[in-house]
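Scroll down for the structure; my scribbles are underneath it.
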Amino acid sequence: MDNTIQIKSISQMSGMKFMIPDYQRGYRWSKKQAEQLLDDVKDFYKVKHADGEFYCLQPIVVKHLDGNEYEVIDGQQRLTTIFIIIKTLSEIIEYVNSEFELYSICYETRPDSEAFLRELDTDDSKKNDCVDFYHMYKVYETVKTWFKEQGKNVSKMDMLKAIIGADDQAVDENIIDKANNVRVIWYEIADSECASTIDIFTRLNIGKIPLTNSELIKALILKRGNFNEQDATLKQIQIASEWNSMEQKLQNDSFWFFIYNTSNVQKYDNRIEYLFDLMSKRTVEDEYYHTFNWFSNKYVKLKKDVDKLWQQVRNYFQTLEEWFENRELYHYIGFLIEYNEEIQTLKEACDTLDKADFVNLFIKSQIRKQLLKCNLNDLGYEDRKEVRKVLLLFNILTVLETKKSDMRFPFNKFKTGNWDIEHICSQTDNYPSSEKDIRKWADDILEYYTEYSEPGKVQEKIDQEEDQNLKNFLEKVLKLKQMEKPIQSEFRDLFDKAQKEIFKDTQTQEKNHISNLALLDSETNRSYGNAFYPIKRKHIIKNDKMGVFVPIVTKNVFLKFYSTKVDEMMYWTETDAKAYFKAMKEKLSEYLPANM
């Protein structure tokens with residue numbers, strides 16, 4: 001026998017006998033947990049749903065014992081609470097589902113627990129006999145009080161319909177429940193796994209093997225019963241091998257960060273689950289097992305044809321792979337995903353358009369929509385989100401232009417790095433203020449001119465400096481650095497001197513304009529945010545030589561690639577800024593608003 005996994009309604013658990021083994025703790029649900037479950041069921045039944053839509057509880061993991069009897073490995077708290085709620089409404093069961101027989105629960109450590117639960121509404125004499133009974137009775141009272149306080153806001157009949165209602169209909173040789181009701185993910189452990197149910201319980205409850213959507217889907221797809229006996233092993237090996245291949249590809253950060261936006265609130269330890277979430281169109285509002293429920297329903301609609309279901313998974317994944325392998329699509333789609341374009345929307349367009357129209361009519365149109373509010377002439381540091389978007393696209397289009405090198409923009413390095421919008425040329429009115437930042441500023445200046453960081457070697461280099469003006473300046477910077485508490489007024493005098501005389505800041509255009517902004521990492525820009533142009537340039541060149549990722553446009557800026565006339569490589573001038581801005585507008589012209 002292989003593992004059984006299915007969505008089971010409470011009505012399908014009619015007459016079952018559940019045994020809670022002694023290795024599990026007793027019943028401990030609180031008033032708050034019980035009320036939350038009641039609120040959830042109420043919210044569910046009060047909303048109109050399509051046929052067959054249901055409210056899904058966490059998995060119930062069981063081992064079949066004999067006949068209608070099961071050992072509960074995980075889920076006893078939920079089973080007991082649902083039992084108590086139904087017991088509270090027992091007088092109307094026959095009006096809702098006359099064929100339903102309330103299941104029984106027996107705690108192995110409390111042989112009389114079955115009788116206590118069965119007589120919960122008629123005999124409270126044993127409610128204080130043990131801690132389990134105490135908590136069970138407290139929840140029973142909570143449920144009664146909840147219904148009383150809800151009054152006319154809640155229909156007991158509708159609540160019970162949502163819990164034990166059923167509408168079984170024969171559809172295409174399958175029995176499909178079209179009721180809107182509460183269901184559980186029923187996970188029945190195969191005999192071969194039952195040697196140590198304590199082991200399974202322990203692993204589940206310490207979170208080492210949580211029943212994630214992807215694990216449940218895998219169990220659903222790889223059930224031996226899905227295949228002809230003679231082909232079963234071969235088919236299972238084939239699908240498992242393809243599954244592993246997909247997981248390996250998704251573990252490749254270059255592929256993963258191409259399709260995944262780091263702002264996504266859903267985080268994935270098991271990345272293949274993201275693929276399944278995409279297929280099921282899971283949203284933030286959806287309950288935890290939405291994706292498994294979707295696959296389970298699809299499994300039934302396809303008459304349990306796993307080959308067809310798996311082919312849909314394979315086709316979806318292959319589309320993502322094709323986008324990744326195609327250099328043009330990789331860059332365009334990577335940009336759109338970074339700015340929250342839904343992959344489902346992209347895939348639907350890809351499935352309905354030929355490749356040329358998909359790129360030229362759809363993809364490029366979506367990029368234009370992203371830049372619809374971007375007037376480059378007015379963009380500045382205060383518009384950081386829009387500036388970042390423009391600069392990222394500028395980088396991507398620049399990379400795309402270098403076709404012979406087959407270079408690719410590394411979304412993984414960009415998304416996992418600390419790249420932000422910073423000034424190319426420092427701001428004159430933005431002095432570092434903390435002692436830490438002032439010392440960093442002094443370190444940068446001294447290391448830039450002396451190429452050393454050790455005080456002795458720095459002093460030696462200063463002593464050898466022939467330019468007396470520069471020598472005096474460096475000595476004052478070293479003295480500032482060595483002060484126990486740097487004097488702000490002395491630092492500001494040195495800063496102004498450095499900016500106007502040493503580094504000759506000649507740019508007069510508005511420094512917050514996009515023409516003076518680039519994507520810089522925090523290390524290059526330094527935490528005080530006001531490193532001078534040649535110091536930033538030195539870091540950029542050093543990082544590039546070491547193979548550290550530097551966005552191509554950022555590198556071009558500090559190599560003055562866009563400047564038509566390069567008189568001085570060490571200073572960023574207004575002429576440089578204008579040339580950079582002109583190149584930006586030309587590169588983005590196809591995507592900028594028509595009035596730009």
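Just to be sure before I move on: is THR122 free of Cβ contacts under 8 Å to residues at least 12 places away in the same chain, among the β-branched types (Val, Ile, Thr) and either within 17 Å of VAL182 (Cβ to Cβ) or surrounded by fewer than 20 Cβ atoms within 10 Å (Cβ to Cβ) (or both) in the structure I sent? Break it down into steps so the answer makes sense when it comes.
Details: free of Cβ contacts under 8 Å to residues at least 12 places away in the same chain: yes; among the β-branched types (Val, Ile, Thr): yes; either within 17 Å of VAL182 (Cβ to Cβ) or surrounded by fewer than 20 Cβ atoms within 10 Å (Cβ to Cβ) (or both): yes.
For THR122, the condition - free of Cβ contacts under 8 Å to residues at least 12 places away in the same chain, among the β-branched types (Val, Ile, Thr) and either within 17 Å of VAL182 (Cβ to Cβ) or surrounded by fewer than 20 Cβ atoms within 10 Å (Cβ to Cβ) (or both) - is met.
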Which one is surrounded by the most Cβ atoms within 10 Å (Cβ to Cβ) among residues in region 251-280 that are under 14 Å from the mean Cα position of the chain (by Cα) and closer than 18 Å to GLN311 by Cα? ILE272
The condition of being in a helix (DSSP H, G or I), of a type outside the set (Asp, Glu) and within 30 Å of ASP463 (Cβ to Cβ) holds, among ARG439, ARG384, only for ARG439
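Consider ALA583 carefully, then state whether it is of a type in the set (Gly, Ala, Ser), surrounded by 16 or more Cβ atoms within 10 Å (Cβ to Cβ), in the same structural domain as ASP420 (by TED's automatic domain parsing) and under 36 Å from the mean Cα position of the chain (by Cα). If you could, list the steps in order and put the result at the bottom.
Numbers: of a type in the set (Gly, Ala, Ser): yes; surrounded by 16 or more Cβ atoms within 10 Å (Cβ to Cβ): yes; in the same structural domain as ASP420 (by TED's automatic domain parsing): yes; under 36 Å from the mean Cα position of the chain (by Cα): yes.
Here the answer is yes, as ALA583 does meet what is asked.
Can we say LYS235 is surrounded by 14 or more Cβ atoms within 10 Å (Cβ to Cβ) and charged (D, E, K, R)?
Values: surrounded by 14 or more Cβ atoms within 10 Å (Cβ to Cβ): yes; charged (D, E, K, R): yes.
Yes.
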Name the single residue, out of those in region 316-352 being of a type in the set (Asp, Glu) and free of Cβ contacts under 8 Å to residues at least 40 places away in the same chain, that is nearest to LEU278 (Cα to Cα). GLU342
Looking at region 423-436, is at least one residue within 24 Å of the chain's Cα centre (by Cα), within 15 Å of PRO551 (Cα to Cα) and of a type outside the set (Gly, Ala, Ser)? no
Can you tell which of LEU361, LEU320 is under 30 Å from LYS587 (Cβ atoms), within 25 Å of the chain's Cα centre (by Cα) and assigned to a helix (DSSP H, G or I)? LEU320
Within region 219-251, how many residues are modelled with pLDDT of 90 or more and not assigned by TED's automatic domain parsing to the domain that holds GLN318? 1
Taking first residues from region 258-282 that are more than 21 Å from ASN293 (Cα to Cα) and second residues anywhere that are surrounded by fewer than 21 Cβ atoms within 10 Å (Cβ to Cβ) and at pLDDT below 95, the pairs with Cβ under 6 Å that are 6 or more apart or on different chains are THR262/LYS415
Subset of region 345-356 (residues that are in a helix (DSSP H, G or I) and surrounded by 13 or more Cβ atoms within 10 Å (Cβ to Cβ)): LEU346, LYS347, ALA349, CYS350
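Is it the case that GLU99 is under 13 Å from GLN24 (Cβ atoms) and exposed (fewer than 14 other Cβ atoms within 10 Å of the Cβ)? Step through it out loud before you land on a result.
Values: under 13 Å from GLN24 (Cβ atoms): no; exposed (fewer than 14 other Cβ atoms within 10 Å of the Cβ): yes.
The answer is no for GLU99.
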Which residues, taken from region 132-179, are in contact with a helix residue (DSSP H, G or I) (Cβ under 7 Å, 6 or more places away or on another chain), surrounded by 18 or more Cβ atoms within 10 Å (Cβ to Cβ) and of a type outside the set (A, V, I, L, M, F, W, C)? ASP132, TYR140, THR142, LYS161, GLY165
Only unsatisfied item for SER14, checking (1) surrounded by fewer than 17 Cβ atoms within 10 Å (Cβ to Cβ); (2) modelled with pLDDT under 95, is (2)
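Name the residue, out of ASP544, ASP567, that is within 23 Å of MET407 (Cβ to Cβ) and not small (Gly, Ala, Ser). Lay out the reasoning, then the answer.
On the way: ASP567 fails: within 23 Å of MET407 (Cβ to Cβ).
Among ASP544, ASP567, only ASP544 is within 23 Å of MET407 (Cβ to Cβ) and not small (Gly, Ala, Ser).
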Tally of residues being small (Gly, Ala, Ser) and more than 19 Å from the chain's Cα centre (by Cα) across region 329-358: 2
Restricting attention to region 437-458, and to residues there that are surrounded by fewer than 16 Cβ atoms within 10 Å (Cβ to Cβ), without any contact (Cβ under 8 Å) to a residue 24 or more places away in the chain and of a type outside the set (Phe, Trp, Tyr), which single residue is farthest from GLU510 (Cα to Cα)? GLY456
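Mind counting the residues in region 138-190 that are among the β-branched types (Val, Ile, Thr) and either free of Cβ contacts under 8 Å to residues at least 60 places away in the same chain or not assigned by TED's automatic domain parsing to the domain that holds ASP74 (or both)?
Our first condition is that a residue be among the β-branched types (Val, Ile, Thr); within region 138-190, this holds for 139, 142-143, 145, 154, 163-164, 171, 175-176, 182, 184-185, 189.
Keeping just the survivors that are either free of Cβ contacts under 8 Å to residues at least 60 places away in the same chain or not assigned by TED's automatic domain parsing to the domain that holds ASP74 (or both) gives 145, 171, 175.
Total meeting the criteria: 3.
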If you check LEU102 against the conditions, is it over 42 Å from the mean Cα position of the chain (by Cα), within 20 Å of ILE164 (Cα to Cα) and not acidic (Asp, Glu)? no
Could you give every pair whose Cβ atoms fall below 6 Å, whose first residue belongs to region 105-119 and is under 16 Å from TYR134 (Cβ atoms) and surrounded by 14 or more Cβ atoms within 10 Å (Cβ to Cβ), and whose second residue is among the aromatic types (Phe, Trp, Tyr) and modelled with pLDDT under 95, counting only separations of at least 6 or pairs across chains? SER113/TYR107; PHE116/PHE133
In region 248-274, what count of residues is obtained for those that are over 11 Å from SER214 (Cα atoms) and assigned to a helix (DSSP H, G or I)? 11
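Kindly state which strands (runs of 3 or more DSSP E) lie completely within region 1-95 and contain at least 1 residues that are farther than 16 Å from VAL184 by Cβ.
Numbers: elements: 4-9, 17-20, 55-66, 69-74.
In region 1-95, 17-20, 55-66, 69-74 are the strands (runs of 3 or more DSSP E) which contain 1 or more residues that are farther than 16 Å from VAL184 by Cβ.
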Looking only at region 543-583, which residues are more than 16 Å from GLU422 (Cα to Cα) and not in a loop (DSSP other than H, G, I, E, B)? ASN543, ASP544, LYS545, GLU574, THR575, ASP576, LYS578, ALA579, LYS582, ALA583
Before we move on, is TYR316 of a type in the set (Phe, Trp, Tyr) and either more than 23 Å from LYS403 (Cα to Cα) or assigned by TED's automatic domain parsing to the domain that holds VAL390 (or both)? yes
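Restricting to region 300-313, name every residue that is under 24 Å from LYS249 (Cβ atoms) and surrounded by 15 or more Cβ atoms within 10 Å (Cβ to Cβ). Break it down stepwise before answering.
Step one: of region 300-313, the residues under 24 Å from LYS249 (Cβ atoms) are 306-313.
Hits for region 300-313 are VAL306, LEU309, TRP310, VAL313.
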Taking LEU65, is it under 22 Å from PHE147 (Cβ atoms) and in the same structural domain as ILE163 (by TED's automatic domain parsing)? no
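The values are calculated or read from the model by the stated rules, or taken from the named source; none is laboratory data. This is a predicted model, so every value here is computed, not measured. Cβ sites come from the backbone with ideal geometry, for glycine too, and all protein chains shown count toward neighbours.
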